[in-house]
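Worksheet: the structure to be examined is printed underneath.
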Amino acid sequence: MVDLAGRNAIVTGAAVGLGNSYAHALARTGVNVAVCDLRDEIHDVASALQAHGVKAAAWQGDVADPVHVRTVVDGAREAFGGIDILINNAGVWGASVADDNLDKSLADYDLIVGTNMKGEYLFGRAVIPIMIEQGRGGEIVNIATDHMVTCGTPWHVCPGTDKCPWGDSPRPTGGGEIMDLYDVSKWGLNGFLYGWAKALTPHNIRVNAFCMGATDSHMLRSFHNFDPSPEEEASWMRAEDNAQALIDLLEEGATGRNAQNINFCVGRPVKLEPPLEHVYIKPEQVEIGGAS
């Protein structure tokens with residue numbers, strides 16, 4: 001286990017929900033944290049993080065805007081002296097279907113794909129050269145969705161749980177017919193996961209993804225008009241538990257798992273499970289220090 005204290009992180013989409021939990025978990029561990037979000041609440045986050053005894057800075061803006069990305073990354077580097085961790089969390093959801101008219105489709109594409117995929121791409125591209133130049137390794141965690149995994153992908157290597165709602169059947173992928181753009185924006189993150197992990201392994205930079213299911217958050221509560229039933233709320237995972245899983249992942253250090261889609265969906269424990277065998281890439285392409 002490595003000591004994270006004194007390292008420097010960027011967390012996108014950190015005003016509320018999962019991103020906010022990630023930022024506070026990092027700060028409690030002694031990590032300096034830069035945050036950004038489109039929401040006004042982001043202006044209050046830096047001082048809340050500083051209360052943990054670390055450096056913190058916040059910016060408001062759109063992760064799909066290259067100017068905003070440069071501002072955050074350059075500002076974090078100047079404030080902290082470097083960047084060691086990137087948590088690509090910012091994301092939005094919106095309903096989209098195959099027969100939407102073109103005007104709606106274009107607007108949906110810009111919003112959903114722009115935030116969920118372009119934003120992660122831009123922040124990665126901005127941070128990766130800095131991590132390489134620093135020469136001390138790094139961590140990138142992209143926040144994806146459980147829609148893109150089917151019991152571990154492929155389903156037959158799933159370790160299984162007694163509480164799995166799918167029983168012995170593989171969990172179907174996808175979010176249904178009203179989420180084509182959302183699913184595209186998240187499934188596309190596989191390209192970054194595998195491509196970046198292979199390219200960055202020689203630099204001791206790990207790239208992993210959290211495939212998030214129903215977790216108590218501002219976004220999920222908004223689906224229920226902020227008044228979920230007690231039964232619905234009881235079924236959700238806790239953001240705080242997932243934030244601890246993030247810390248556990250980062251504390252593995254450079255020789256820990258790499259290029260992994262880490263599945264957090266209903267029926268599974270909200271903790272790190274043993275890494276899965278690589279089937280889409282060769283293990284030796286993403287081994288750092290002899291461990292995959």
The stretch 85-131, subset β-branched (Val, Ile, Thr) and more than 27 Å from residue 247 (Cα to Cα), residue surrounded by the fewest Cβ atoms within 10 Å (Cβ to Cβ)
97
Across the stretch 41-50, what is the number of residues that are closer than 14 Å to residue 25 by Cβ and free of Cβ contacts under 8 Å to residues at least 24 places away in the same chain?
0
Go through the stretch 26-43 and give me each residue that's among the small types (Gly, Ala, Ser) and surrounded by fewer than 23 Cβ atoms within 10 Å (Cβ to Cβ).
30
Just the residues that are among the β-branched types (Val, Ile, Thr), closer than 15 Å to residue 204 by Cβ and not in a helix (DSSP H, G or I), please, taken from the stretch 98-152.
140
Which helices (runs of 4 or more DSSP H) sit wholly inside the stretch 159-248 and have at least 1 residues that are at pLDDT below 85, over 16 Å from residue 262 (Cβ atoms) and of a type in the set (Lys, Arg)?
218-223
If residue 64 satisfies all but one of (1) touching a Lys or Arg at 6+ places or on another chain (Cβ under 7 Å); (2) surrounded by fewer than 20 Cβ atoms within 10 Å (Cβ to Cβ), what's the number of the condition it fails?
(2)
Pairs, please: C-beta under 8 Å, at least 6 apart or cross-chain, first residue touching a residue at least 40 places away in the same chain (Cβ under 8 Å) and under 10 Å from residue 49 (Cβ atoms) and in the stretch 3-31, second assigned to a loop (DSSP other than H, G, I, E, B) and not aliphatic (A, V, I, L, M)?
11/89; 14/89; 24/52; 31/6; 31/7
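The values are calculated or read from the model by the stated rules, or taken from the named source; none is laboratory data. Given the structure is predicted, the values throughout are model-derived calculations rather than measurements. Because the Cβ atoms are built from the backbone with ideal geometry, glycine has one as well, and the counts that use them run over all protein chains shown.
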